[in-house]
Structure formats: structure tokens, C-alpha cells
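The values are calculated or read from the model by the stated rules, or taken from the named source; none is laboratory data. Fair warning: this is a prediction, and the values are worked out from it, not measured in the lab. Every residue, glycine as well, gets a Cβ built from its backbone with ideal geometry; the counts of neighbours run over all protein chains shown.
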Amino acid sequence: MILVSNLHSIKQIEKQYNTGESPVLVVCSDKESYICKYMRSTSAAYKLVSEYIGACMISEWEIPSPMMAMVKIKAEHWSAGIVTTRNLSAPAIGYKKLDGVIDITPTTYSFVNQSEDLLEQLLKIALFDFWIANEDRTYNNANLLYEVQNEKLISIDYGGILNTSTFEFSMSQLTSTDTILYADLFRHLSQNKAPQCVWNIVNGLKTYYHNCIEKCSNRIEDIKGNIPKEWNVPTTLIEEKLTQLTNPIWVNNVWDNFVECLKENLKDE
């Protein structure tokens, strides 16, 4: 179970990242730096809820991901030049900044060692994405870090889960071209490996998959109860999404779709 720390900023923000959510780097009360995403207005912060759900769920899958914390960024620590559209009353969600990692991009994926263990790690991450309907980990946006020394793939960013935070509608399945299985990283890791090697890994994942779903199901009440009310997302919508994720029909359809999409992408190699 993931334990979420409640932290606060202790110095002025000096860095803002030039990505979609414009996150900021915050030095927090535990003396560590966190990459923080924050509420941009008083309207519902669906993406922050998705970030929280994704980080909680991936911990139950035992897939490496940066430590998450709830961060209160003090008003006096927003420095000049940092984006001003923000809701100061709502906690931000922060991920501990990691050292010794490479951001996987179309130009850096070749640095990842072509081991069977890393291939299995990637397949677990892909299966997680299929289950949680993550539309933001694609062929040109891996949302992965590579820890070089320990040869680990580290999952980041969950704002695109639940079909990009579409809480008002039922979830839909990903397609074969909308996942990390369509990326150069997958081709790199599966290169020069017999198809049977891939399928041996996949066959070994089925029990793991259902065990992960069971663990996630046991977290639902805990997750609902710890989502900040300041984010203004109705509890009923959150409950509906979490119920859909653990519905046996969704769970079984995800597995079948994962297998079919994997076949499609292996065929293209």
C-alpha cells in the first residue's frame, strides 16, 4: 500500500517545466525536491484525481514509480516568472525528483539494455496502461524513465488515464497504435527475440494481472477517502470509475485486447 506524505514548500520555486501541465520543482519540508502538478483554477481538477488514482494503483502492481506526496505550496514561494494561474487553497500532487535516470524519448530509447527482464517490465507497464485506459503513454511519449544502474523502467505521469480523465463516460479500450507497444522502445526490447519468448512472458503475466486487480480492488475505499475535497471532483464520479476498473467484464476484455494488440504489433516487426 502506498503511504502518501503531506508536505509543504520551504523555499521559493526556481524552476517550471515546459510541458503540458507546466509542473514546478518544489523543495519540500522533508528536504527533498518534488515535481508538482497543481490545481489551475476553482473548477474540478480531474487530472489531479487521475494522477492520484494512477500513482496509487501502480504501486499495487509493484511497478516502479516516483514517490508521491501531497504538497502545500505556500503563496510566498511562487516566484516571479512562474505561471500565475493556480488555486492556492488546494494541495498539489508531487513526485519525488529522481537522480541517475534517463528520460526515454525517440532519441534515447536505444540506451535501454535489450534484456528479457526489461522486456517483461515493459509488458507489465503496457498491461497496466490497457487496464487503466492510459492514453498518454504512446509511441512518441513514453512517460518512462530508465534507471541505468539498476536497469529499471520507471513509470511517470498519470493525467491521461481513464481515457484522459473522461469521468462522465464509460471507459473504452485502447487500440494497438495508441500504446507503448507501438513504440520504438518495444521493438528495441523485443528485437532478436523469438516470438515464443514474448508469449512465455505474457502467459506468466495472467496470474500476476488478476492478483493486481484484486489488490487494487482492496484499495478503492482508501483511495476514495483520501482524494482532497478541494479538487472538487464529485465522489460519485470517482466511485463509478473505480468500480468500472474492477468490473470482471472490463478486466477480461482488457486482457483479450492486450493480447490482440500485442499480436498486431509483433506482426509489424
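Values computed for the structure shown
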| item | result |
| --- | --- |
| Residue satisfying condition, being at pLDDT below 95, buried (at least 18 other Cβ atoms within 10 Å of the Cβ) and among the aromatic types (Phe, Trp, Tyr), within set TRP131, TRP78 | TRP78 |
| Tally, over the stretch 130-139, of residues that are of a type in the set (A, V, I, L, M, F, W, C) and in a loop (DSSP other than H, G, I, E, B) | 1 |
| Residue check, SER22 in contact (Cβ under 8 Å) with a residue 24 or more places away in the chain, part of a loop (DSSP other than H, G, I, E, B), of a type in the set (S, T, N, Q) and closer than 24 Å to LYS215 by Cβ | no |
| Members of the stretch 196-230 that are within 17 Å of LEU162 (Cα to Cα), assigned to a helix (DSSP H, G or I) and either over 19 Å from the mean Cα position of the chain (by Cα) or not polar (S, T, N, Q) (or both) | ILE213, CYS216, ILE220, ILE223, LYS224 |
| Qualifying residue in the stretch 69-89 (condition: farther than 22 Å from GLU230 by Cβ and touching a helix residue (DSSP H, G or I) at 6+ places or on another chain (Cβ under 8 Å)) | no |
| Subset of the stretch 208-225 [more than 19 Å from TRP131 (Cβ to Cβ) and surrounded by 13 or more Cβ atoms within 10 Å (Cβ to Cβ)] | none |
| Per-region count, the stretch 136-169, residues on the phi > 0 side of the Ramachandran plot and of a type in the set (D, E, K, R) | 2 |
| Top-ranked residue of the stretch 140-175 - restricted to ones that are part of a loop (DSSP other than H, G, I, E, B) and touching a Ser or Thr at 6+ places or on another chain (Cβ under 6 Å), ranked as farthest from VAL101 (Cα to Cα) | GLY159 |
| Close pairs from the stretch 182-211: first under 15 Å from GLN114 (Cα atoms), partner loosely packed, with under 13 Cβ neighbours inside 10 Å and of a type outside the set (Asp, Glu), Cβ under 7 Å, at least 6 apart | HIS188/SER110 |
| Some residue of the stretch 30-48 being without any contact (Cβ under 8 Å) to a residue 40 or more places away in the chain, outside the structural domain of ASP222 (by TED's automatic domain parsing) and part of a loop (DSSP other than H, G, I, E, B) | yes |
| Cβ pairs under 8 Å, 6+ apart, first in the stretch 226-250 and under 12 Å from TYR46 (Cα atoms) and in contact (Cβ under 8 Å) with a residue 60 or more places away in the chain, second among the polar types (S, T, N, Q) and not in a helix (DSSP H, G or I) | GLU230/ASN87; GLU230/SER89; ASN232/THR42; ASN232/SER43 |
| Complete set of residues in the stretch 83-125 that are of a type outside the set (Phe, Trp, Tyr), in contact (Cβ under 8 Å) with a residue 60 or more places away in the chain, surrounded by 13 or more Cβ atoms within 10 Å (Cβ to Cβ) and in a helix (DSSP H, G or I) | GLU116, LEU118, LEU119, GLU120, LEU122, LEU123, LYS124, ILE125 |
